[in-house]
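Let me begin by presenting the structure, written as structure tokens, before commenting on it.
The values are calculated or read from the model by the stated rules, or taken from the named source; none is laboratory data. If you're wondering where the values come from, they're calculated on a predicted model, not measured in any experiment. FYI the Cβ positions are ideal-geometry reconstructions off the backbone, even for glycines, and counts take in every protein chain you see.
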Amino acid sequence: MSNELDFLSRRVAAGKMNRRDFLGRAAALGVTASFANSLLASAARAAGPVKGGILKAGLVGGESTNSLDPALFMTQVPFSFGKQWGEMIVELSPDGALEYRIAEEIGSSDDAKVWTLKIRDGIEFHNGKTVTAEDVAATLERHSDEGSKSGALGYMKGIDSIKVNGKEVVLTLKEANADLPYLLSDYHLIVQPNGGKDGADAGISAGPYKVTVNEPGIRHGGERFANYWQADKMGHADQVEIIVINDATARTSALQGGQVHMINRVEPKIVDLIKRVPGVTIRNHSGPGHYVFIMHCNTAPFDNNDLRMALKLAMDREEMLDKILRGYGSLGNDFPINASYPLFSDDIEQRKFDPDKAAFHYKKSGHSGSVLLRTSDVAFPGAVDAAQLYQQSCAKAGITIEVKREPGDGYWSEVWNKQPFCTSYWGGRSTQDQMYSTAYISTADWNDTRFLREDFDKMVFAARAELDNDKRKAMYRDMAMIVRDEGGLILPMFNQFIDATGPKVGGWIEDPHQELMNGYALSKCWLEA
Amino acid sequence: MSSPILTLVAQRIALGLLLLLAVSVLIFAGTQILPGDVAQSILGQSATPASLANLREELGLNDPAYIRYFRWLGGVVTGDLGTALSSRQDIATSIGGRLWNTLFLAFWAAVVSVPLAIILGLLAVRYRNGFVDKLISGLALASTSLPEFFIGYLLVYFFAVKMQWFPGISTVYDGMPFGERMAAIALPATALTLVVLAHMMRMTRAAILNVMQSAYVETAELKGLSAFDVIRKHAFPNAIAPIINVVMLNLAFLIVGVVVVEVIFVYPGMGQYLVDHVSKRDVPVVQAVGLIFAAVYIGLNIIADIAAIIANPRLRHPK
């Protein structure tokens, strides 16, 4: 039987039989539909990528103010476009391991303070120059300079010196950091000729596509770079194009109308409708992103841990997951880490909705009157509804929440990280250390729960320097418990990325890091003939 | 010829300029009271007090508001709209392409909607109170009553998703072949046409019907002219002033009121440009776009006024 299935799936891959017939024949052979489908997918992969065509994506997250300077990337469109024209030092592979790209090897001293990157031979920039250790060093230098305003500056500040030694770049850190290779996978750190010091926004790197069109907020395009060093793995379509479509309805209609082959950010509430469209496939996968209700631990009344605990226990997480994310996510447990991070401990007890216990802690806190919660549509999709659901679940515990709807315009400058209790979201980071360093140590600019704990800071620094993974995992578990039980974070749910592809898109693989296969969908997918 | 007509036209233009000046004050004041600080929003969350102070100094934000206003006004008068804070690009250059796109869409929407509205209006008068009149008025009013985003989505649903005649997203770019460009704007232009049609059509109908009550129309009918000739030769020329007025008003809408349609169809025009920069607190761009919109609106209204004056024989041929 399996021989026959194999034969049939190869025929489909070769285009001699259509999918529907295949599934019918497979069912006749007594195979479940999902198994038959997976068989088909592996056959398609085995048949190999198809070269040629123009692959197009319609994405939310682009503005006319975007720049090609990787240091300034913030939203989805520059991020995705950067992955097409840029080449990284290292990257996170879909299975979570480290994938060596421009660096072919990374080694460290025993104390994790001195790191050596060995630069790969034979990689060429779009302008014909060869990628050298000097270019990599210059890139890292530029991103560690305050003047670059780089989004990676937070971690790059930890580098004390950058030296070139033949084909090697040697980094000496101020403090030991076992996670350094992971930090180098930050999407801002695209290697540019001379580090981009001669023109940060020239759009030249060593990625699979050369920039041909750059109209910020409208569209971006690239054509295949003939001398790409990994031509068998990436860069299958002749051209790629990103069209900026910030309106959710326009995005889905563009996919349905066949004007684009893939879109990002499908809203959970319309996923079931989109699923029914012939040819369209929903690509959802969990990641580190999460939706949060954040309290300032140093501002009354939230400086009282009993009140914080009461507010955590009064959150009906199941209902949030069910009604706000329509099941496209997972339950949160009031610390910002989930299974998509390395060294995650899955044995921490799940916090549940418990109005009685919440009422107990609320009484103990001695607080009276209502608690003001600020929210807005821009905090996360469905944030206003979520705040109202929360208001009702709090009422069951005898806590009065006053929901104040703030204008979306100015929310990130006037409310988030300023007001003591509001809704927000986090996209997550690639390692636990990055997440805690960005938002939970006392000195972090984005410490949006005002979690100022010297003992916790020390734990973060100690874990960062620990090279023994078992020990580190135990340390991260302790840190998670502290944030969960004493922090100002209410984390009801982790959201999934929901992308969608049209018919004819081949080569999709799940990648838990960011949307659209960690941004590589346009380079790694192909158009089936 | 120092006729009253020239004086009147000069008066209108002077009034328009005065109005524009008043609008510029309003725009400037409006952008001052937007929540958020410009320097803060450029530098982001991690701004230090020192870098904030430096940037405020550099941008001249420490000067009193009226000094900044006159500095800005001086620039605008000499054609210098300033540089965008977010991208450091010259505003006049980056607005150029966008403005052209908006005008292109407005032009084709007007080419379709204005003659269509006037012809439908004439037809409605010819067959007034009959089935044709009621059908035309009913359909036109229905299309106006629907919000433009709803019309937009309906068009996308039927013509882009179901039948796939036209693209649902109207991304246009430099060097795009003319045919493709026209296909791209087909749906947004249709949406705009449907939005403005009823207003012009109803106004044409009302203006002509008003004239139809006059004694000279009765005379024309009595001397045996056909119904269409009466409307064409006698009623229409005398009803032209209010029709021009409403046409101009709608042309202005086609240029300055298309933000929603541009967003739905992802059309790279002025509306989207404005929205992007409002959310980035890019005040110079917001001011520049606001002023251009105001100038277009006031300019078209002046043209309407002048056309109405010229269309009036009593003013054209003074005793």
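Somewhere in the range B:89-99, is a residue in contact with an Asp or Glu (Cβ under 8 Å, 6 or more places away or on another chain), in a helix (DSSP H, G or I) and within 14 Å of chain A (Cβ to nearest Cβ)? First the steps, then the outcome.
Step one: list which residues in the range B:89-99 are in contact with an Asp or Glu (Cβ under 8 Å, 6 or more places away or on another chain), which gives B:92, B:97.
When the remaining residues are screened for being in a helix (DSSP H, G or I), the result is B:92, B:97.
Then drop every residue that is not within 14 Å of chain A (Cβ to nearest Cβ), which leaves B:97.
Yes.
Yes/no matrix, rows are residues, columns are (1) crowded, with 16+ Cβ neighbours inside 10 Å; (2) not assigned by TED's automatic domain parsing to the domain that holds A:Ser93:
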site	(1), (2)
A:Asp110	no, no
A:Trp115	yes, no
A:Asp121	no, no
A:Thr130	no, no
A:Glu134	no, no
A:Ala138	yes, no
A:Tyr155	yes, no
A:Lys163	no, no
A:Thr212	no, yes
Taking the range A:190-241 only, how many residues are β-branched (Val, Ile, Thr), modelled with pLDDT under 95 and part of a loop (DSSP other than H, G, I, E, B)? 1
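Residue-wise test of (1) more than 14 Å from every other protein chain (Cβ to nearest Cβ); (2) small (Gly, Ala, Ser).
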site	(1), (2)
B:Thr171	no, no
B:Ala186	no, yes
B:Leu192	yes, no
B:Arg205	yes, no
B:Leu209	yes, no
B:Ala215	yes, yes
B:Leu222	yes, no
B:Ser226	yes, yes
B:Lys233	yes, no
Options A:Ala358, A:Ala300, A:Ala310, A:Ala339: the member that is in the same structural domain as A:Ala379 (by TED's automatic domain parsing), within 20 Å of the chain's Cα centre (by Cα) and not in a strand (DSSP E or B): A:Ala339
All but one of (1) at pLDDT below 85; (2) in a helix (DSSP H, G or I) hold for B:Leu85; which doesn't? (2)
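With respect to A:Val266, is the statement that it is touching a residue at least 12 places away in the same chain (Cβ under 8 Å), of a type in the set (Val, Ile, Thr), more than 14 Å from chain B (Cβ to nearest Cβ) and assigned to a strand (DSSP E or B) true? Show your work before the answer.
Working: touching a residue at least 12 places away in the same chain (Cβ under 8 Å): yes; of a type in the set (Val, Ile, Thr): yes; more than 14 Å from chain B (Cβ to nearest Cβ): yes; assigned to a strand (DSSP E or B): no.
So A:Val266 does not fit the description; no.
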Could you check, for the range A:372-395, whether at least one of its residues is touching a Lys or Arg at 6+ places or on another chain (Cβ under 8 Å), farther than 20 Å from A:Met493 by Cβ and surrounded by fewer than 17 Cβ atoms within 10 Å (Cβ to Cβ)? yes
Could you tell me which numbered condition B:Val132 fails, if it satisfies all but one of (1) of a type in the set (A, V, I, L, M, F, W, C); (2) part of a helix (DSSP H, G or I); (3) within 13 Å of chain A (Cβ to nearest Cβ); (4) over 23 Å from B:Val259 (Cβ atoms)? (3)
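A quick yes/no check of all residues on (1) outside the structural domain of A:Thr438 (by TED's automatic domain parsing); (2) part of a strand (DSSP E or B); (3) not basic (Lys, Arg):
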site	(1), (2), (3)
A:Gln391	no, no, yes
A:Val403	no, yes, yes
A:Pro407	no, no, yes
A:Trp412	no, no, yes
A:Lys418	no, no, no
A:Ser424	no, yes, yes
Which condition from (1) in contact with a Leu (Cβ under 7 Å, 6 or more places away or on another chain); (2) at pLDDT below 95; (3) polar (S, T, N, Q) is the one that A:Asn177 breaks? (1)
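So which helices (runs of 4 or more DSSP H) stay within the range B:221-316 end to end and still have 2 or more residues that are under 26 Å from B:Thr193 (Cβ atoms)? Quick ask: steps written out before the conclusion?
On the way: elements: B:236-256, B:259-264, B:270-279, B:283-310, B:313-316.
Answer list for the range B:221-316: B:236-256, B:259-264, B:270-279, B:283-310.
Per-residue answers, yes or no, for (1) within 16 Å of A:Asp499 (Cα to Cα); (2) in contact (Cβ under 8 Å) with a residue 12 or more places away in the chain; (3) more than 14 Å from chain B (Cβ to nearest Cβ); (4) surrounded by fewer than 22 Cβ atoms within 10 Å (Cβ to Cβ):
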| site | (1), (2), (3), (4) |
| --- | --- |
| A:Ile242 | yes, yes, no, no |
| A:Ile274 | yes, yes, no, yes |
| A:Gly279 | yes, yes, no, yes |
| A:Leu307 | no, yes, yes, yes |
| A:Ile324 | no, yes, yes, no |
Unique match (being surrounded by 12 or more Cβ atoms within 10 Å (Cβ to Cβ), in contact with a helix residue (DSSP H, G or I) (Cβ under 6 Å, 6 or more places away or on another chain) and at pLDDT 80 or above) among B:Val23, B:Val76: B:Val23
Kindly list, by first and then second residue, each pair from a residue in the range A:149-174 that is modelled with pLDDT of 90 or more to a residue that is among the acidic types (Asp, Glu) and part of a loop (DSSP other than H, G, I, E, B), limited to pairs with Cβ atoms under 8 Å and residues at least 6 apart or on different chains. A:Lys167/A:Asp121
Taking only the range B:56-69 into account, find how many residues are surrounded by 12 or more Cβ atoms within 10 Å (Cβ to Cβ) and either of a type in the set (A, V, I, L, M, F, W, C) or within 30 Å of the chain's Cα centre (by Cα) (or both). 4
Read through the list (1) surrounded by fewer than 17 Cβ atoms within 10 Å (Cβ to Cβ); (2) not in a helix (DSSP H, G or I), then give the number of the only condition that B:Leu154 fails. (2)
